Amino acid sequence: MAVQKSYEEINEKIKKGEAVVVTAEEVIGIVAEKGYEKAAREIDVVTTGTFGPMCSSGAFINFGHSNPRIKMKKVWLNGVEAYSGIAAVDAYIGAAQLAENDPENKVFPGRFVYGGGHVIHDLVAGQEIRLEAVGYGTDCYPNRKVDTVITLDDVNDAFLFNPRNAYQNYNCAINLGDRTLYTYMGILKPHVGNAGYSTSGQLSPLLNDPYYRTIGIGTRIFLGGGIGYVAWNGTQHHPNVLRGENGVPMATAGTLTLIGDLKGMDPNWLVGLSYIGYGATMAVGVGIPIPILDEEMLRYTAVKDEDIYCPIVDYSEGYPYCKPMDLGFANFKELKSGRIEINGKSVVTTPQSSYPRAKQIAEILKQWILKGEFELTRPVAALPSADADIVFKSIPERIPNGLVNGRNKK
Amino acid sequence: MKNKLVCYFSAAQSEQPIIYRLIKNYDLIINILKADINPQKEGYLVMELEGSKESYEAGTRFMEGLGVVMEPLSESIVWNEQICIQCGACASFCPTEALAIERETMEVSFYNDKCVVCGMCLECCPTRAINLYFEIKEAV
């Protein structure tokens with residue numbers, strides 16, 4: 001009889017401490033030894049992980065009220081502005097926001113030593129953070145200025161809310177031009193001097209559930225060392241792209257919006273990054289458990305690096321000026337070997353995402369489940385999958401004649 | 001033999017083509033890693049000097065004769081394992097495989113003895129886990 005397991009049965013095993021949990025790396029060897037069917041029968045959960053730069057990340061914070069109260073018009077944390085166009089003492093600190101006095105790329109390439117990702121890391125590490133805020137004063141919020149020092153313990157709420165994380169596959173970046181480029185894919189040397197890439201491949205969450213059969217809205221996950229949830233599909237979620245026979249997308253495809261309590265997280269898994277010439281961002285640790293509901297799910301989780309391909313994209317012209325170029329695909333196993341072949345030339349590869357850390361995340365999540373501390377969740381709603389009809393849009397070029405501040409002229 | 005040296009020059013010495021002579025007269029292979037001359041024309045030069053034992057010794061005697069103060073370059077690049085997130089970007093820029101990825105595990109290691117202090121890793125490390133420590137004194 002074909003293997004069939006429900007979420008309830010798997011959770012029952014987790015509670016009893018009887019669940020068989022392996023990482024997305026370990027499952028490959030088990031399948032090679034036992035075959036799909038036997039492995040699907042034995043394994044209950046496969047854990048995945050990824051740890052890399054994810055710019056679309058940030059945290060909502062409620063600071064609590066000052067006395068007298070203030071309606072914050074602008075807020076800075078260690079000099080980095082947080083968005084405060086929401087209620088009085090709520091703000092959103094984005095990972096890619098720079099300090100107010102950052103020299104940016106005025107002396108190229110800029111260093112971007114401290115940004116929102118560094119603020120979030122410092123908050124989670126329990127460090128003291130300078131909080132500055134200004135307001136314009138109202139009858140209900142008369143205060144106009146706050147300048148103080150806070151820690152994570154002092155705020156009412158702080159939760160990560162990352163609009164786009166865990167990209168399902170990503171470009172392999174090269175430079176066809178004749179000067180060095182400083183990009184979010186790292187330094188790219190001219191004349192295809194190297195090739196940047198960023199995914200944890202066979203360990204990556206969405207590459208192990210390519211059609212989002214088990215990862216959906218409400219899925220409980222490892223986020224930044226604590227517990228998080230999938231809140232929605234991520235921005236730029238584009239599942240209807242070219243896929244291989246194994247279902248794995250051969251281009252940037254699915255993404256996730258993730259949410260989780262910052263107060264339960266660990267600074268090791270939220271790390272501020274500085275990309276020379278590009279900007280500041282944050283490495284986010286994400287781990288997602290995949291229930292082996294049937295043999296099909298096991299086949300997905302047994303995906304190997306050699307079965308994963310990503311598109312080669314030029315960052316001198318192709319990416320920045322949206323010029324479609326067919327440069328072929330890079331195989332993830334070859335990318336990890338340190339060299340790939342492009343047009344007969346052997347090219348050094350530059351990773352951005354940390355494979356050893358991704359592996360650690362999958363291992364930590366596995367231990368949580370084995371100890372019975374972490375149960376699996378059935379998604380509340382599914383994410384749009386490969387049969388969706390999503391069009392990847394660009395900003396329209398229109399002339400705003402007749403519109404003043406976006407409104408029609410009277 | 002091969003060594004990394006810090007050479008300190010006075011104003012008078014910095015006007016002479018010392019490197020040219022080291023190459024031309026003593027058949028030494030020279031790799032300049034860093035150099036600086038201040039407005040008073042005093043300065044230092046960090047270089048790797050390579051050649052046969054005889055030419056190496058003759059070359060350094062020549063510099064001593066000119067009054068150039070030489071010191072071996074001690075610990076220079078420091079890799080902070082606690083800060084490193086093991087992404088491995090540095091290894092692809094390291095020309096000597098001092099920063100190298102063990103491909104089976106994808107873990108990064110730093111082999112100080114292979115490092116030539118080119119500084120490429122300093123720019124490409126997004127966590128700033130790699131730092132340069134030069135023991136350079138005030139110009140002599």
Name the chymotrypsin sites (Phe, Trp or Tyr not before Pro) in region A:314-410 that are in a loop by DSSP and that have at most 11 other C-beta atoms within 10 Å, would you? A:Tyr321, A:Phe392
In nanometres, the difference between 0.36 nm per residue of separation and the alpha-carbon distance of A:Asp178 and A:Ile395 is 75.2 nm
About the Cα centre, charge dipole magnitude for region A:152-239 (Lys/Arg +1, Asp/Glu -1 at Cβ), debye: 380
In peptide B:96-102, how many Cβ atoms from other protein chains are near each Cβ within 10 Å, on average? 1
When DSSP beta bridges are limited to those with both residues in chain A, what percentage is antiparallel, rounded to the nearest 5? 85
The answer for GluC sites (Glu not before Pro) in region A:12-71 that fall in a DSSP coil and have at most 11 neighbouring Cβ atoms within 10 Å is A:Glu18
Suppose R0 equals 56 Å; then what is the FRET efficiency for B:Lys41 and A:Asp147 from their Cβ-Cβ distance, rounded to the nearest 0.05? 0.70
Between the modelled labels at A:Gln367 and B:Glu102 (7 Å from Cα along Cα→Cβ) the distance in nm is 1.9
Of the DSSP H helices in chain A, the ones reaching 20 Å or more along their long axis in Cα terms and averaging at least -1.0 in Kyte-Doolittle hydropathy are A:355-370
Mind checking region A:355-399 for GluC sites (Glu not before Pro) that DSSP puts in a loop (not H, G, I, E or B) and that have at most 14 other Cβ atoms within 10 Å? A:Glu373, A:Glu397
Between B:Tyr111 and B:Asn31, what is the label-point separation in nm under the 7 Å Cα-to-beta-carbon projection? 1.3
Number of partner chain Cβ atoms within 10 Å, mean per residue of B:113-126: 3
Can you give the alpha-carbon Rg of region B:1-102 over 2.2 N^0.38 Å, where N counts its residues? 1.31
Label-point separation, A:Ala386 to A:Glu12 (7 Å along Cα→Cβ), nm: 3.3
Dipole of chain A, Cα-centred, from +1 at each Lys and Arg C-beta and -1 at each Asp and Glu C-beta, to the nearest 20 debye? 1080
10 Å Cβ neighbours from other chains, averaged over peptide B:104-110: 3
Two-decimal Rg/Rh across region A:259-337, once Rg and the Kirkwood Rh are taken from alpha-carbon atoms: 1.08
Between A:Ile259 and A:Gln127, what FRET efficiency comes out of the Förster formula 1/(1 + (r/R0)^6) with R0 = 22 Å and r the beta carbon distance, rounded to 0.05? 0.40
Helix-derived mean residue ellipticity, 222 nm - over chain A, DSSP H n ≥ 4, -39500 (n - 2.57), to 500: -4500 deg cm²/dmol
Proximal aspartates and glutamates to A:Lys15, defined as alpha-carbon separation beneath 18 angstrom and excluding residues fewer than eight positions away on the same chain: A:Glu42, A:Asp44, A:Glu373, A:Glu375
To the nearest 20 Debye, how big is the dipole of region A:20-82 about its Cα centre, given +1 on the beta carbon of each Lys and Arg and -1 on that of each Asp and Glu? 760
Of all C-alpha pairs within the protein assembly as shown, those more than 33 angstrom apart amount in percent to 51
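Quick note: the coordinates plus some simple rules give every number you see, no bench work behind them. Note that the coordinates shown come from a computational prediction; the quantities given were computed from them, not determined experimentally. Using ideal geometry, Cβ is built from the backbone for each residue, glycine included, and neighbour counts are taken over all protein chains shown.
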